[in-house]
């Protein structure tokens, strides 16, 4: 509802429109870029948020496996302890779910 990043038909312009409509007396707003956002999402917190909204444990386990799948770099396997998969199609969605708590 409040997020405009990585959403269909939403972006900077819709965010600005929402600000103008919602905060008519406001003369300023804050724009931010969370450095390393995708790399620093706490898996435990994200899974807790998902469990609060999704009752299908098989789906939750699938997301958990995705988050813990790790990655290969120069023929070496690295475990992932935090973050969402770099370039993953679900990463923007998972980050929006995670950051939605900030929007409240």
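Values quoted throughout were computed directly from the atomic coordinates according to the rules given, and no laboratory measurement underlies them. No experiment lies behind these values; they were computed from the predicted model shown. Note that we place each Cβ from the backbone using ideal geometry, even for glycine, and neighbour counts take in every protein chain shown.
Results, tabulated for the structure shown:
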| item | result |
| --- | --- |
| Residue order, fewest to most beta carbons within 10 Å, for 12, 37 | 12, 37 |
| The chain: calculated mean residue ellipticity at 222 nm from DSSP helix runs of at least 4, using -39500 (n - 2.57) | -13500 deg cm²/dmol |
| Packing-based exposure ordering (other Cβ within 10 Å, fewest first) of 74, 64, 101 | 74, 101, 64 |
| Between helix 12-22 and the chain: long-axis angle, C-alpha atoms, 0 to 90°, nearest 10 | 50 |
| Enclosed volume per residue, in Å³, of the convex hull spanned by Cα atoms of the chain | 124 |
| Distance (nanometres) between label positions extended 7 Å along Cα→Cβ at residue 18 and residue 60 | 2.7 |
| Within segment 82-102: backbone nitrogen closer than 17 Å to the residue 30 label point (7 Å, Cα to C-beta) | 99-102 |
| Least to most buried among 59, 38 (fewest other Cβ within 10 Å first) | 59, 38 |
| On Cα atoms only, tilt of 91-103 relative to the major axis of the chain in degrees | 50 |
| Tilt relative to the chain, helix 57-67 - C-alpha long axis, 0 to 90 degrees, to 10 | 90 |
